[in-house]
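Written out below as C-alpha cells is the structure these notes cover.
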Amino acid sequence: MHFIPEDLDNYVVNHSEDEPELLQQLSRETYQKILQPRMLSGHYQGRVLSMISKLINPKNILEIGTYTGYSALCLAEGMKSNGELHTIDIDEELFDFQRRYFDKSTYGKQIFQHLGNALDIIPKLDMVFDLVFIDADKENYSNYFNAIINKLNTGGIILSDNVLWSGKVLDKTFKKDDTSTPALIEYNTSLKNDKRIETVLLPIRDGLTISRKM
Ligand SMILES: C[S@@+](CC[C@H](N)C(=O)[O-])C[C@H]1O[C@@H](n2cnc3c(N)ncnc32)[C@H](O)[C@@H]1O
C-alpha cells in the first residue's frame, strides 16, 4: 500500500541508497521460488533498516521473523564487528535459503538462525540486545514485546513492522476472523502508554515504530 502518491514514493526511493547487489539477488530468488514474497522488506524499507542499524551500531541484534533473510542482512550492516545477529523463524523450509544468503554476505559467521516458535526461543536466549526487529505474526506482537523488554539494554531500540496494517488500524469494523487488526491496534496503544519506552510511529511503507528503552 502507498500512503503517499506513487510518483512521490518513486522520488523518495530514487533519492535514497541503491539496493545492494546481494539483496537484489535475494529478492529476485524470493519472488521466483517462495510463497508470499511481499513479506520481504524490500529495497526502500531495507535501506531504512540499514540506516537505523548503522546509527545505533548495535552489538547484539534480535530479529523475530526471518522469512528469506532480507531484513536480517540489512540490520547486520550496522552491527559492531564483534556483534551477533540472532534471527528466529518458525518455517523450517526457509532455513537453507536464509543460510545460503547469510553465507554469501560478509556477516555469515555472525548470523545465528533459530528455528521454532519465537515465544519458546526468546526466553532461552541468554543475552541482552541493543536492537530488536519484530516482524512475525501480528497477533503476538505484544507477547514478543513482553518477552524481550527485559533483555533490552537501556537505550536499546525495538523496531515493530507493519503497525499501520495497510491502514486497517483505523477500521473499527474489522471482520470477525481478522485477529491481526485488533492485535495491532492494542499493540500500538500499549507502546504509546508504556512508561519504560519512548515511541515514534513512522509512516514508512506499512508503518514502522521505533521504541527506545529509557
Ligand atoms: C513478514 S515475514 C518476515 C519478513 C522479514 N523480516 C523481511 O523483512 O524480509 C514473517 C515471518 O515470521 C515467521 N513467523 C510467523 N509466526 C512465527 C512465530 N510464532 N515464531 C517465529 N516465526 C514466526 C513466518 O514464518 C515468516 O517467515
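The values are calculated or read from the model by the stated rules, or taken from the named source; none is laboratory data. Here the structure is a predicted model, which means the values were calculated and not measured. All Cβ positions, even for glycine, are placed from backbone atoms using ideal geometry, and neighbour counts span all protein chains on display.
What the table below lists for this structure:
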item: Test for residue 78: is it surrounded by fewer than 19 Cβ atoms within 10 Å (Cβ to Cβ) and either at positive phi or modelled with pLDDT of 95 or more (or both); result: no
item: Members of the range 195-214 found to be touching a Lys or Arg at 6+ places or on another chain (Cβ under 8 Å) and more than 16 Å from residue 161 (Cβ to Cβ), listed by number; result: 196, 197, 198, 213, 214
item: Unique residue being away from the ligand (no atom under 14 Å from the Cβ), among the β-branched types (Val, Ile, Thr) and surrounded by 14 or more Cβ atoms within 10 Å (Cβ to Cβ) when the list is 149, 122; result: 149
item: Residue pairs meeting the criteria (Cβ under 7 Å; at least 6 apart or on separate chains; first within 16 Å of residue 181 (Cβ to Cβ), in the range 130-146; second surrounded by fewer than 19 Cβ atoms within 10 Å (Cβ to Cβ) and of a type in the set (Asp, Glu)); result: 142/186
item: Sole exception among (1) surrounded by fewer than 15 Cβ atoms within 10 Å (Cβ to Cβ); (2) touching a residue at least 24 places away in the same chain (Cβ under 8 Å) for residue 96, by number; result: (2)
item: Any hit, the range 14-27, residues being of a type in the set (A, V, I, L, M, F, W, C) and crowded, with 18+ Cβ neighbours inside 10 Å; result: yes
item: Filtered residues of the range 152-188 (kept if touching a Gly at 6+ places or on another chain (Cβ under 6 Å) and either away from the ligand (no atom under 13 Å from the Cβ) or at pLDDT below 95 (or both)); result: 164
item: Wholly within the range 1-97, helices (runs of 4 or more DSSP H) carrying at least 2 residues that are closer than 22 Å to residue 208 by Cα and within 12 Å of the ligand (Cβ to nearest atom); result: 21-33, 43-56, 70-76
item: Pairs where the first residue, in the range 43-56, is more than 18 Å from residue 206 (Cα to Cα) and the second is of a type outside the set (S, T, N, Q) and assigned to a helix (DSSP H, G or I), C-beta under 8 Å, 6+ apart; result: 53/74; 53/75; 53/76
